[in-house]
Every structure is written in C-alpha cells, then in structure tokens.
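Since the structure comes first, as structure tokens, the remarks are kept for the end.
The values are calculated or read from the model by the stated rules, or taken from the named source; none is laboratory data. Just so we're clear, the structure is a prediction, and the values are computed from it rather than from any experiment. No Cβ is skipped: glycine too gets one built from the backbone with ideal geometry, and neighbour counts run over all protein chains shown.
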Amino acid sequence: MKVWMDVLGCPKNEADSDVVKAILTSNGHEIVSDLQDANVAIINTCAFISDAKKESIDEIFDVVRSRKRKDLKIIVHGCLVQRYFKALKAQIPEVDAFLGVVSPKRVADSVDNFSDIHGEPEPVYDFWGRTSFGTPYAYVKIGDGCDRKCAFCAIPYIKGPLKNRNYEDILKEVEFLVKSGKKEIILVSQDSTGYAYGDKTLVDLLLDMDNIPGDFWIRLLYLYPDGVDKALVEAIAQSRKILHYFDIPVQHASERILKMMRRNPNTDLRNKISYVRQIIPDSIFRTSFIVGFPSETDEDFEKIIELLGDVRFDRVGVFLYSDEEGTVAHDLTPKIKKSVAKSRFERIMDFQREINLQKNESFMGKKMKVLVEEIEDGMYLGRTYMDAPEIDGEVHFSSTKKIEIGEFVNVVVKSYEFYDLEGEVV
C-alpha cells in the first residue's frame, strides 16, 4: 500500500505518527508525500481547543473532497475521534475507519483491516525502531495523559490519567535516533515533570540520556511549574547535552484566576526563575498564558502584564480561552467577550515584542551555535538552543561554503528582528 499521512496538533502526535510510519514501512508499505499517489490516507487529529477541532474536521473534509482515486481509503484517528467517535461516525460516512487514541501499532494494522476502534485511550507506545522524516530533530514521547485536571482542559477526558513510557524503551529510542543522525531529541509529555517509571525519575532519565554517545541536543518541553525543582535544575546545569531551555506554561498571573483554573498559584515563580538564572545564567524561559478565562477582570489581566515586566520571559505564547464542553470551566460565568479577550491577547503580544527586540539586540556580534534545518533562496535557516521548532524563532544566515542540513555551525549575529536573528557562518 502507498500511504499518505497528515499530522495535526501537538508534538506528541508527531511522535506517534513517526512510529506509525516506521511500522508501516517495516511491514512493506510505502509512505508518499502526495495524496493523489496514495491508496490510503491517515489523518492524526487534535481536539484540544475549538480551533484545533475545526482544523481537524476541515482537513478530513478536504481529503474527502480532493481524492481523485475512488479506491482511496481514509483512516482518521487520535484525539478528535476519541472525543467525538459517535458523531463523526454518523456525520462522515466517507471515512473507512475511525480510531480513537490507540497505539501506533493498531493504527498501522488498520491499513490492512479498516476496522473502527474506540475504547480506553492508549496514549503511550512501545519502542519500534522509528525515525523522524525530513528533519534533523525528533520528538520522543516520555508519557501522555494527565492527572492535573485543570478546569479549562479536556485532555484528561480524552487521554485519561498520566501514563509514563517504559524507561528502557525511551533510552533505546533516543539511542536509535541519534545513531540514525538526529541532532536534537525533544522530550514531550502532557506533564514532563510528572515522569516516573518504577524507581526512576525524570532526572534519572535525563542523566542517562546525557551519557548516550554523540553530538546532539536534548530539549525538554511542557514542565509544570511546581515540578521544576532543585534536582532538575542542577541536573540540567551539570549536563553536557540538555539545553538550558525551560518551557513552563504558567497560564495566568492572577491568584484568583489560577485557583479557578485549578492550577497551583505561582507564588514562588519569580523566585524560582531568579534561582535558575543564578545557577544557569544563559537559561531561556518560555511560557504561555490563557486570556479571557471566565470572570477575568481588567485587574486580573494586569497581573499578567506585571509578571511579564518583572520576569522578562524570553518566549511567550498566548491562547484565547476556549470553552470546552465537559470541563469545569464550561459551567463558569460570566463569560468574557471574544473582543475583550482578543484585545488582551494583542496587548500581551505587543508588550512581549518589545522585550524580544531588546533581548535580540543583546546578541549582536555574538557567536551562536546553530542547528541547520533548511536552505531557502540561497540562505540557510536554523535554530539556536533558545528556540524550539515550529513555535519559536529562527536564525537566517549565509555561508561561503556548502553546509548540510543537520550540521551544527557557528553563526555570528549581524542583525535581528522581533523574533529572528540574522548572521553569517564564522
């Protein structure tokens, strides 16, 4: 079979689909990049917020409408199906198989039998000897699901409680990917700080990964604020390969709103970040906020602006509150007008742009290690340790010699924008 695949949503879905590809190819199937060449189309969906659900549904209908081969089979799987199986089954009969959150092995097997699967979620997978196609980096899932049950989040209802992957399987996968040429390993989970397997912790996992031979980076995403403790900080500080990049979504700065969100108040956040910057002076902090949460006042919102000014995060993402059925927040009132939420969104982004501009100015003339990812119109694109793929900035640079994708090079910064840097190879 020739199989075309599309992946929507978060990096955890990327990791799952990479494993599906590896299993399919080992079974003799071919992965193709053009839908019109395929016998089977597989769509990995997202249902985290309204925009993600709409994107997934639109993509399903686009595939249905654009298929030219009458014999093309369509398989849809993942979070959207786990959450809305019966409705999708009834409303999109053109799809040949709907699978919820199931293992990559079961997704790959569905190419041969096209059977629906919907039951208890299976959010983690076994090691299958996978790869990541077309990029010098690879996402590695260390766990999925969540025990936190934040008021705004539907993930626990879709993927169930937190389940962590087998410790040795993760190490085998990372070693396999590094031997396959991957230069950046990005660890993902719904709550990475919640990783534990037997008597092993996240710190144990990181230190063992740090000892794997090879020249590569380790990036850690999705750290719950109260899980960033002294042991984790010291492990990152002492390591050779773990990037000094702290992705800590705080969601809000108002203690009242955080309590309504069922999040732990960030009372010691400023001190924690100050401590990390003292131990690791070149540490980079990314965070995200939700604006427009039910009953959010101007006073609540101003606390976000105050936190931004005090902490000066290096990277900031902002989400408009999405009113998800089945969550605690769905029943909270009063709801905030979308126009008000959008205005708050824009204010945060405008405020943060100036911080980003000032921070980027400080890199002028400095030499930065860059992972080369793309060649575009005679220019190279890459990333420093400060930037995660697809969500942060890039480095645009020139070179007098030919450089291969996946190389590390040293780039001197010559100019900058709000988010990106520009320079040339030393």
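Of all the strands (runs of 3 or more DSSP E) wholly in region 56-168, which have at least 2 residues that are closer than 23 Å to Asn39 by Cα?
73-78, 97-99
Does region 1-22 hold any residues that are more than 27 Å from Lys53 (Cβ to Cβ) and either under 14 Å from the mean Cα position of the chain (by Cα) or touching a residue at least 40 places away in the same chain (Cβ under 8 Å) (or both), and which are they?
Passing the criteria: Met1, Ala22.
Can you go through Asn211, Asn166 and tell me which one is surrounded by fewer than 22 Cβ atoms within 10 Å (Cβ to Cβ), modelled with pLDDT of 95 or more and more than 19 Å from Ser103 (Cβ to Cβ)?
After ruling out the rest, the residue left standing is Asn211.
Out of everything in region 359-379 that is aliphatic (A, V, I, L, M) and either modelled with pLDDT under 95 or more than 16 Å from His396 (Cβ to Cβ) (or both), what residue ends up being surrounded by the fewest Cβ atoms within 10 Å (Cβ to Cβ)?
Only one residue tops the list, namely Met379.
Name the residue that is farthest from Lys182 (Cα to Cα), counting only residues in region 371-382 that are free of Cβ contacts under 8 Å to residues at least 24 places away in the same chain and among the charged types (D, E, K, R).
Asp377
Give the number of residues within region 382-410 that are hydrophobic (A, V, I, L, M, F, W, C) and either assigned to a loop (DSSP other than H, G, I, E, B) or modelled with pLDDT under 95 (or both).
5
Collect the residues in region 219-238 that are farther than 15 Å from Asp268 by Cα and over 14 Å from the mean Cα position of the chain (by Cα), keeping them in residue-number order.
Hits for region 219-238 are Ala231, Leu232, Val233, Glu234, Ala235, Ile236, Ala237, Gln238.
Out of (1) of a type in the set (Val, Ile, Thr); (2) in a strand (DSSP E or B); (3) in contact (Cβ under 8 Å) with a residue 60 or more places away in the chain, what's the single condition that is false for Ile185?
(3)
Filter region 89-105 for residues that are buried (at least 17 other Cβ atoms within 10 Å of the Cβ) and under 24 Å from Val124 (Cα atoms) and give the result.
Residues satisfying the conditions are Ala97, Phe98, Leu99, Gly100, Val101, Val102, Ser103, Pro104.
Does region 33-46 contain any residue that is in contact with a helix residue (DSSP H, G or I) (Cβ under 8 Å, 6 or more places away or on another chain), under 19 Å from Pro121 (Cα atoms) and of a type in the set (Ser, Thr, Tyr)?
Yes, region 33-46 has at least one match.
Which condition breaks for Asp387 when tested against (1) within 23 Å of the chain's Cα centre (by Cα); (2) surrounded by fewer than 20 Cβ atoms within 10 Å (Cβ to Cβ)?
(2)
Considering only region 417-426, state which residues are in contact with a Lys or Arg (Cβ under 9 Å, 6 or more places away or on another chain) and within 22 Å of Met349 (Cβ to Cβ).
Phe418, Tyr419, Leu421, Glu422
State the number of residues belonging to region 280-311 that are surrounded by 15 or more Cβ atoms within 10 Å (Cβ to Cβ) and either within 22 Å of the chain's Cα centre (by Cα) or not aromatic (Phe, Trp, Tyr) (or both).
Residues that pass the stated criteria total 20.
I'd like the full set of residues that are more than 17 Å from Asp51 (Cα to Cα) and not in a loop (DSSP other than H, G, I, E, B), limited to region 322-334.
Those that are more than 17 Å from Asp51 (Cα to Cα) and not in a loop (DSSP other than H, G, I, E, B): Val328, Ala329, Asp331.
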